[in-house]
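Here the structure is laid out as structure tokens; the discussion comes afterwards.
Every read-out reported here was derived from the displayed coordinates using simple, explicitly stated rules and does not represent laboratory data. Remember, it's a predicted structure, so these values are computed and weren't measured experimentally. Note that each Cβ is placed from the backbone with ideal geometry, even for glycine, and that neighbours are counted across all protein chains shown.
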Amino acid sequence: MTLDNRRRQEINQLTNERLAPPGSHLLEAVDGSILLYQGTPLIGTKIQPPILNAVWYDVERIDGEHLYLRDDRGDEVVVSLEKAAKSLTLRHACTVYKSQSRTLAGHVRICPGARPGHVAHHWSINHLLVAASRATALANLSIE
């Protein structure tokens with residue numbers, strides 16, 4: 001979880017490249033390149049129906065020019081690759097703002113600066129509280 005958008009993009013890119021199997025579909029999105037494969041975690045970045053802002057999606061499959069997604073309620077969503085490129089981004093890392101009202105399963109790593117060990121001058125205790133409260137247990141929380 002970051003406050004810095006550039007750091008979020010960097011973490012997303014590195015994680016996506018590490019997890020994507022050979023033969024993944026390359027999508028040149030507004031937020032950067034995304035290697036799409038079954039299970040790719042995505043988040044809506046703007047309202048472009050059927051994509052909604054801040055809703056989480058997982059890739060089910062890619063068929064021609066269409067992307068089949070499952071949203072966080074379990075509903076199937078079908079969107080063109082063109083619309084996906086304009087309205088979706090990776091969610092391996094997200095900003096503190098996009099995480100509000102979410103409980104994050106698994107480990108939550110807080111990245112308060114542009115690099116490990118750095119704390120941005122605009123990072124506050126309120127950001128830390130919001131970020132830390134996303135974890136389900138103290139053991140699932142770390143600060144970079």
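General observations
- With the charge dipole of region 1-89 set up from +1 on Lys and Arg Cβ and -1 on Asp and Glu Cβ about the Cα centre, the Cα lying farthest toward the positive end among the listed residues Gly39, Pro21, Thr2 is that of Thr2.
- 5 angstrom amide H check on Val108, placed H, neighbours 5+ away: Leu141, Ser142
- Positive-end residue of Thr89, Ala139, Ile51, charge dipole of the chain with Cβ unit charges: Ala139
- Vicinal HN-Hα couplings computed from phi for region 4-19 (Karplus, 6.51 cos²θ - 1.76 cosθ + 1.60; Hz; Gly/Pro x): 8, 5, 5, 5, 4, 4, 4, 5, 4, 4, 5, 5, 4, 5, 6, 8
- From phi via Karplus (6.51, -1.76, 1.60), per-residue ³J(HN,Hα) for region 98-105 in Hz, x at Gly/Pro: 6, 8, 4, 6, 10, 9, 9, 6
- Calculated from backbone phi, Karplus (6.51, -1.76, 1.60) coupling profile of region 57-62 in Hz, x at Gly/Pro: 10, 10, 6, 8, 6, 10
- Other-chain or far-sequence residues with amide H under 5 Å of Ala120's (modelled H): Gly113, Ala114
- Region 20-90: translational diffusion in µm²/s, Stokes-Einstein, Kirkwood Rh over Cα pairs, 37 °C, 0.692 mPa s: 281 µm²/s
- A simple charge model with +1 on the Cβ of Lys and Arg, -1 on the Cβ of Asp and Glu and nothing else charged puts the dipole of the chain at about 540 debye relative to its Cα centre.
- Rounded to whole Å, sorted largest first: equivalent-ellipsoid semi-axes of the chain, Cα gyration tensor: 27, 16, 14
- For region 18-39 versus region 44-113, the gap between their alpha-carbon centres in whole angstrom: 13 Å
- Once exposed loop trypsin sites (Lys or Arg not before Pro) are cut out (DSSP; at most 15 other Cβ, 10 Å), longest piece of the chain: 1-45
- Shown here for region 1-105: GluC sites (Glu not before Pro) in loop regions (DSSP other than H, G, I, E, B) with at most 14 other Cβ atoms within 10 Å, namely Glu65.
- Helices in the chain, meaning DSSP H runs of at least 4 residues, each add -39500 (n - 2.57). Divided by all residues, the mean residue ellipticity at 222 nm is -6500 deg cm²/dmol.
- Take the convex hull of the alpha carbons in region 92-133; its mean projected area over all directions comes to 3.2 nm².
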